[in-house]
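S.K.: Below: one structure in structure tokens.
The values are calculated or read from the model by the stated rules, or taken from the named source; none is laboratory data. These figures come from a predicted structure and were not determined experimentally. FYI the Cβ positions are ideal-geometry reconstructions off the backbone, even for glycines, and counts take in every protein chain you see. We work out accessible area using only protein heavy atoms, side chains counted, and drop any ligands, DNA or RNA first. Shrake-Rupley method; radii C 1.70, N 1.55, O 1.52, S 1.80 Å.
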Amino acid sequence: MPQFEKDPDFKTVILQHFEQDGWTATLAPPNTLGYDIELVRGSECVAMQVKSQRAKVHAGQLEKFIDFLERPAAAKFTRGFLLSASGFTPSVFTYMRTEEVVDVALGSFREDQLVWEDGDIPPPQPKAQLTYIGVFTCKGGVGKTTISAHLAGAFALNGYDVVLIDLDRQSNLRKLLGDGVYIPGRRGGLGATITVLNHTEWREEEYPDTRVVICDCSPEYDANPEAFIEKFNYCLIPTTLNPLGINKNADVIRRTFAAVRRSNSNAELFVIVNNYHSDEPRRNEVLNRILKTEFETLMADDPKCHYIDPETVAIRFSKQLLYWGYHIVENDKPQLAFREIGGRSLPRVDFLKLVDYLEDHTNIETAKAQEALAPNN
Ligand SMILES: Nc1ncnc2c1ncn2[C@@H]1O[C@H](COP(=O)(O)OP(=O)(O)O)[C@@H](O)[C@H]1O
Ligand SMILES: [Mg+2]
């Protein structure tokens, strides 16, 4: 258990600790990206980041800190200190060793003691509304985990820190992404982290940089904690366009809508086509029309149910997504299927489009306001 329930308490204690050690310590101005406290002593100027979270600091968080330190904006800093109230994952130490990181020191703060970790060396915009996205369908194997992970990746590419919550008993997210990953920024910008947690590890106040929480739901509705389903602002329901499955899929989606509505009357529900073969325009057009017609009755009753036309946004079939778990076979570092092949990454384009679509077609502020007006919902 962490000693400090609140991030500011932790920062203050750390600041005082370093001042007693002869450093001049200054809190970074509010909304500063990349570090929390600046330390000056003699010729040293150190950027320090402090993590009060109760889960261990993961390698993605270290990588983000290193990315910050390497930016021209951080040129005045001679090195960085990364302090944690809960320690570090083993992969952080592996990262320090394999990447030969020499200008960052890791410290754990426990029971009023600062311990420098072994030997080697002693967000984007201010947070607005936290958005909860559930990826849910009563059916297995249609892409919930794939979509959760890569949607998180697309938000991270846009500069948002994302928390991915694994609600599925199979824990596939943990297997595929470990404790999390760092997505480097584009055009020299600071990147963002995707942090993987189980539902008991999640506390909003411990991840103040987080803008988006994505839940990879269990296909068994009752296995998903109701407290999460109630929070969803959006719910994404993956499906596929295949002729034999079309009626079955329509029925699955109908049941999925009903299940979500038992606990949440405000979430905007979006059906998204996965495994889309864009080289079959004629067949797609026919299948899409049938599937869409299946939903029209249902959607008429619930104005917050949407069918995303796959011609606008779909997740295309790609070998990258099919094999994206291959790194676990190779014992390789956790990663998303955003690697380019011949300069193009279908998944990256598709998921960035999905992020844009969601931001365009929802109004979270309105949903929240309605919730406040109707406390029984
Ligand atoms: N768009 C896609 N293109 C290719 N393969 C995909 C795509 N989406 C999912 N897959 C593959 O389908 C399988 C099932 O996906 P998964 O996300 O695990 O489904 P779920 O979480 O709903 O059980 C995985 O092997 C995944 O790699
Ligand atoms: Mg899954």
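S.K.: When the stretch 58-90 is examined, which residues are found to be part of a helix (DSSP H, G or I), small (Gly, Ala, Ser) and surrounded by 23 or more Cβ atoms within 10 Å (Cβ to Cβ)? Walk me through how you get there before you give the answer.
M.R.: Taking the stretch 58-90 first, the residues part of a helix (DSSP H, G or I) are 59-69, 72-74, 90.
Next, only the ones that are small (Gly, Ala, Ser) stay: 59-60, 73-74.
Selection gives 59, 60.
S.K.: Something else: Looking at the stretch 13-32, which of the residues that are part of a loop (DSSP other than H, G, I, E, B) and closer than 20 Å to residue 85 by Cα is least open to solvent (accessible area, probe 1.4 Å)? Spell out how you get there, then give the answer.
M.R.: Of the residues in the stretch 13-32, the ones part of a loop (DSSP other than H, G, I, E, B) are 21-23, 28-32.
Of the ones still in play, those that are also closer than 20 Å to residue 85 by Cα are 21, 28.
On the way: 21: 91, 28: 23 Å².
Filtering the stretch 13-32 for residues that are part of a loop (DSSP other than H, G, I, E, B) and closer than 20 Å to residue 85 by Cα, the one least open to solvent (accessible area, probe 1.4 Å) comes out as 28.
S.K.: Pull out all pairs, ordered by first then second residue, where Cβ-Cβ is under 8 Å, the residues are six or more apart or on different chains, the first lies in the stretch 45-56 and is under 15 Å from residue 79 (Cα atoms), and the second is among the hydroxyl-bearing types (Ser, Thr, Tyr).
M.R.: 45/78; 46/78; 47/35; 48/35; 49/35; 50/84
S.K.: Please pick out the residue among 191, 180 that is assigned by TED's automatic domain parsing to the domain that holds residue 316, of a type outside the set (Phe, Trp, Tyr), away from ligand 1 (no atom under 16 Å from the Cβ) and on the phi > 0 side of the Ramachandran plot.
M.R.: Within the list 191, 180, the selection yields 180.
S.K.: Can you name the number of the only condition in (1) surrounded by 19 or more Cβ atoms within 10 Å (Cβ to Cβ); (2) away from ligand 1 (no atom under 13 Å from the Cβ) that residue 147 fails?
M.R.: (2)
S.K.: OK, next. For residue 175, state whether it is within 16 Å of ligand 1 (Cβ to nearest atom) and at pLDDT below 95. Spell out the reasoning first.
M.R.: Details: within 16 Å of ligand 1 (Cβ to nearest atom): yes; at pLDDT below 95: yes.
In short, yes.
S.K.: Name the residue, out of 238, 243, that is modelled with pLDDT under 90, closer than 30 Å to residue 282 by Cα and in the same structural domain as residue 360 (by TED's automatic domain parsing). First the steps, then the outcome.
M.R.: Details: 238 fails: modelled with pLDDT under 90.
That would be 243, the only listed residue that is modelled with pLDDT under 90, closer than 30 Å to residue 282 by Cα and in the same structural domain as residue 360 (by TED's automatic domain parsing).
S.K.: What's the number of the only condition in (1) more than 25 Å from residue 68 (Cβ to Cβ); (2) among the aliphatic types (A, V, I, L, M); (3) within 13 Å of ligand 2 (Cβ to nearest atom); (4) not in a loop (DSSP other than H, G, I, E, B) that residue 142 fails to meet?
M.R.: Residue 142 satisfies every listed condition except (4).
S.K.: Further, regarding this structure: Quickly run through the stretch 303-323 and pick out the residues that are open to solvent by 20 Å² or more (accessible area, probe 1.4 Å) and of a type outside the set (A, V, I, L, M).
M.R.: Once the filter is applied, which keeps residues that are open to solvent by 20 Å² or more (accessible area, probe 1.4 Å) and of a type outside the set (A, V, I, L, M), the stretch 303-323 yields 303, 304, 306, 307, 309, 311, 312, 316, 317, 319, 320, 323.
S.K.: Please count how many residues of the stretch 150-175 are open to solvent by 10 Å² or more (accessible area, probe 1.4 Å) and either within 26 Å of residue 276 (Cα to Cα) or basic (Lys, Arg) (or both).
M.R.: Number satisfying all stated conditions: 11.
S.K.: Among the candidates 337, 300, 369, which residue alone is at pLDDT 85 or above and of a type in the set (Gly, Ala, Ser)?
M.R.: None of the other options fit; the residue is 337.
S.K.: Among residues belonging to the stretch 176-188 that are closer than 16 Å to residue 348 by Cβ and surrounded by fewer than 20 Cβ atoms within 10 Å (Cβ to Cβ), point out the one that is farthest from the chain's Cα centre (by Cα).
M.R.: Applying the filter and picking the extreme gives 187.
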